[in-house]
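Worksheet: one structure, shown below.
The values are calculated or read from the model by the stated rules, or taken from the named source; none is laboratory data. This is a predicted model, so every value here is computed, not measured. Here the Cβ positions follow ideal geometry from the backbone for every residue, glycine too, while neighbour counts run over all protein chains shown.
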Amino acid sequence: MAELASIPTVHRDAIAEVLIEPERLQTRVTELAAEVDADYAGRDVLLVGVLKGAFLVMADLTRQLQVDSQVDFMACSSYGSSTSSSGVVRILKDLDTNIEGRHVLLVEDIVDSGLTLDYLVRNLRARHPASLEVLALLSKPDPARERPDIRYHGFEIPDVFVVGYGLDYAERYRNLPYIATLRPEVYEHQR
Ligand code: PRP
């Protein structure tokens, strides 16, 4: 368990287990930034963050990059329960940028069922970028499903619901500096 001091007071009773500590997150993001730098050397890259979950990995990643980069964001909603998605995706906020001919790196916080990523990759490809790659901080194993390739991959996590470092439950816990699971009582209180 992380030091209590690093858990915002209001969340202290809610955390069950810390799966990825802040130091491991930062180290991995630094490694991913180095890979992106090596691959995009001499090119201009547009990072597209998927709101809201990707806001922290975007912030940390972009501050580590040495290559010429710009940022843009999309927001989409997938209908479903608060802990799983249904695959019906709707764009809530589109890009400000025309990506035709651009080198685009789509940045996701988590690939769970993969349905959001699948939708976004198809949608962005149809806009004819020069290249399109995906960075996902977290993913869950799902051998049954064919997913778009994730070129830059942070961590594979077990099939459990996680919060922190951008990820929420009912819009809370995004500000936790680590990836954690919640105690079952937290879900019961929401019902
Ligand atoms: C989460 C996450 C991914 C998506 C992954 O977003 O940020 O975009 O779900 O799920 P999938 O692989 O099963 O499609 P969410 O819809 O919870 O929105 P948020 O980022 O604003 O919390």
- Message: Looking at the stretch 158-174, can you tell me whether even one residue there is more than 20 Å from Glu21 (Cβ to Cβ), crowded, with 20+ Cβ neighbours inside 10 Å and not charged (D, E, K, R)?
- Response: no
- Query: Do we have any residue at all in the stretch 153-162 that's in contact with a helix residue (DSSP H, G or I) (Cβ under 8 Å, 6 or more places away or on another chain), on the phi > 0 side of the Ramachandran plot, within 14 Å of the ligand (Cβ to nearest atom) and touching a residue at least 40 places away in the same chain (Cβ under 8 Å)?
  - Reply: no
- Task: Enumerate the pairs (first residue in the stretch 166-184 and without any contact (Cβ under 8 Å) to a residue 24 or more places away in the chain; second residue anywhere and assigned to a loop (DSSP other than H, G, I, E, B) and within 11 Å of the ligand (Cβ to nearest atom)) with beta-carbon separation below 9 Å, excluding pairs fewer than 6 apart on the same chain, so at least 6 apart or on different chains.
- Result: Glu171/Lys52
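Look through Tyr187, Tyr119 and report the one residue that is surrounded by fewer than 20 Cβ atoms within 10 Å (Cβ to Cβ), over 14 Å from the mean Cα position of the chain (by Cα) and in contact (Cβ under 8 Å) with a residue 60 or more places away in the chain.
Numbers: Tyr119 fails: in contact (Cβ under 8 Å) with a residue 60 or more places away in the chain.
Result of the check over Tyr187, Tyr119: Tyr187.
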- Task: From the list Leu124, Leu95, Leu120, pick out the single residue that is at pLDDT 95 or above, near the ligand (Cβ under 10 Å from one of its atoms) and either farther than 28 Å from Glu21 by Cα or touching an Asp or Glu at 6+ places or on another chain (Cβ under 6 Å) (or both).
- Result: Leu120
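Of all residues in the stretch 168-181, count the ones that are in contact with a strand residue (DSSP E or B) (Cβ under 6 Å, 6 or more places away or on another chain) and either on the phi < 0 side of the Ramachandran plot or basic (Lys, Arg) (or both).
Pass one, the stretch 168-181, residues in contact with a strand residue (DSSP E or B) (Cβ under 6 Å, 6 or more places away or on another chain): 169, 173, 176, 178-181.
Applying the additional criterion that residues be either on the phi < 0 side of the Ramachandran plot or basic (Lys, Arg) (or both) yields 169, 176, 178-181.
Count: 6.
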- Item | Residues being modelled with pLDDT under 95 and in a strand (DSSP E or B) - total across the stretch 173-191 | 0
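Take the conditions touching a strand residue (DSSP E or B) at 6+ places or on another chain (Cβ under 9 Å), closer than 18 Å to Val29 by Cα and basic (Lys, Arg) and apply them to Arg127. Does it pass? Give the steps one after another, and end with the answer.
On the way: touching a strand residue (DSSP E or B) at 6+ places or on another chain (Cβ under 9 Å): yes; closer than 18 Å to Val29 by Cα: no; basic (Lys, Arg): yes.
No.
Yes/no per residue for (1) farther than 28 Å from Asp94 by Cα; (2) modelled with pLDDT of 95 or more:
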| residue | (1), (2) |
| --- | --- |
| Asp13 | yes, no |
| Ala16 | yes, yes |
| Asp44 | no, yes |
| Thr62 | no, yes |
